[in-house]
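The structure appears below as structure tokens.
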Amino acid sequence: MLQDFLSLTAKSVRHRPLRSWLTVLGIVLAVMLVVAIFALGSGMQNLLSKTLQMFGSDLIIVYPGKETNPFTSLIGGQRFKESDLMALEHISGVEIVGPADVSSMNVEYNGEKQSTMVHGISWKALRTIFEQSQGARLSEGAWPTQDDSNEVVLGSLSASKLFKTPVRIGDDIIIRSKHMRVAGILASLGNQSDDNSFYLSLSMFHQLSGKGPGAISAFVKAEPGADIAIVSQEIKYQLLQQETVRDFSVITPSRANQLVGSILGIIESALLMIAMMSLVVGAVGIMNTMYTSVLERTKHIGIMKAVGATNDAIMSLFLIESGMIGLIGGLLGVVLGITLAWGIGLLAEGLGIDGLFSFAALDFFAFFVVLIVTFVTGILAGLLPARAAAHMEPAEALRYE
């Protein structure tokens, strides 16, 4: 019996290929999005965790704005006084404080001009934070020691890829019309944004950026063995005494992990809501297709009833058909979703972001659940049309034109 139903379902789909595939497409798009989210979710989590680990477990970040919405204050241009930030070094448990700033600047090398991100922070703080908290080293050259010197340190990609000709130690680079000597080139930090950056002392950054005194943020390195939570509370208390920036955030590594998890959760929830809405639209498409199928096959339904087909048999036939449409859409959606995630992973690798997608991290049980959901969705969408077909009167169905 089931084999006969499947055979009739396949013939029905082949008889109306365009309409059937358009109906399947609605399910495919919804499932593809869900599967891509599942496939990339763990990779995004691992990638962000690795990025946070680069900051080290002893590093605290201070910036303007509330944790819930720091970007408003950043865009608004709030800046700390350097003296207020440097006063944090007197807190017990703080080893070094590095007021920092960043801006996009035009740079020129061998007559070629490019725009890149330039970071400003004292050389002592930058070297201490990079080497002790991030495990970063210079691949070439040496760290500058004088903050008033015309020297610059380049990220690995900015030295090798930014210009047609790779930059070497001792070369002359023009940053906003000022000649700077390349003192060092960093080994890769594993983060494309940092590897594409230029690094100056904060005092030189002020001269070139035109932003004036102050800093947009600060990196605070705690002493070995210090309690990060206590140190961060002391920093908050100290900064409450200053009046330049009223709203600010003090982020510890553990708090950063919590914020990242919350942000990822919100993004995934929003995307899943969109996917669910797409699935509902797909279900409506299946229902519309099945109602149309019932009308087109009214005479066939009458003939089947005339030769002894029961209401349950008629209903089962249409439910299997609608369920198969949902299942086919689910299968194609799973395949295309994995393909989409794999393509995004390849694109990310090309941009220097590794580990976003891995076949080993795929949760095939979740994909199986997705297929069950699409099959059940198809059946539920076809329930009313199948019921309408099952309750047709044979005589009226045979007279239908």
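The table that follows gives values for the structure above.
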quantity	calculated
Some residue of segment 140-152 being in contact with a helix residue (DSSP H, G or I) (Cβ under 7 Å, 6 or more places away or on another chain), acidic (Asp, Glu) and modelled with pLDDT under 95	yes
Selection from segment 104-123 of residues that are among the hydroxyl-bearing types (Ser, Thr, Tyr), part of a strand (DSSP E or B) and over 31 Å from the mean Cα position of the chain (by Cα)	Tyr109
Condition check for Ser269: in a helix (DSSP H, G or I), over 21 Å from Thr23 (Cα atoms) and in the same structural domain as Pro385 (by TED's automatic domain parsing)	yes
Per-region count, segment 311-353, residues surrounded by fewer than 15 Cβ atoms within 10 Å (Cβ to Cβ) and of a type outside the set (Ser, Thr, Tyr)	8
Filter result for Ser209 (within 19 Å of Asp84 (Cβ to Cβ), surrounded by 17 or more Cβ atoms within 10 Å (Cβ to Cβ) and either touching a Cys at 6+ places or on another chain (Cβ under 9 Å) or of a type outside the set (Lys, Arg) (or both))	no
Every residue from segment 250-264 that is part of a helix (DSSP H, G or I) and at pLDDT 75 or above	Pro253, Ser254, Arg255
Test: residue in segment 354-362 that is aliphatic (A, V, I, L, M), surrounded by fewer than 19 Cβ atoms within 10 Å (Cβ to Cβ), in contact with a Ser or Thr (Cβ under 6 Å, 6 or more places away or on another chain) and in the same structural domain as Ile379 (by TED's automatic domain parsing)	yes
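The values are calculated or read from the model by the stated rules, or taken from the named source; none is laboratory data. Please read all numbers here as calculations on a predicted model, not as lab measurements. A quick note on method: Cβ atoms are made from the backbone with ideal geometry, for glycine too, and the neighbour counts reach across all protein chains shown.
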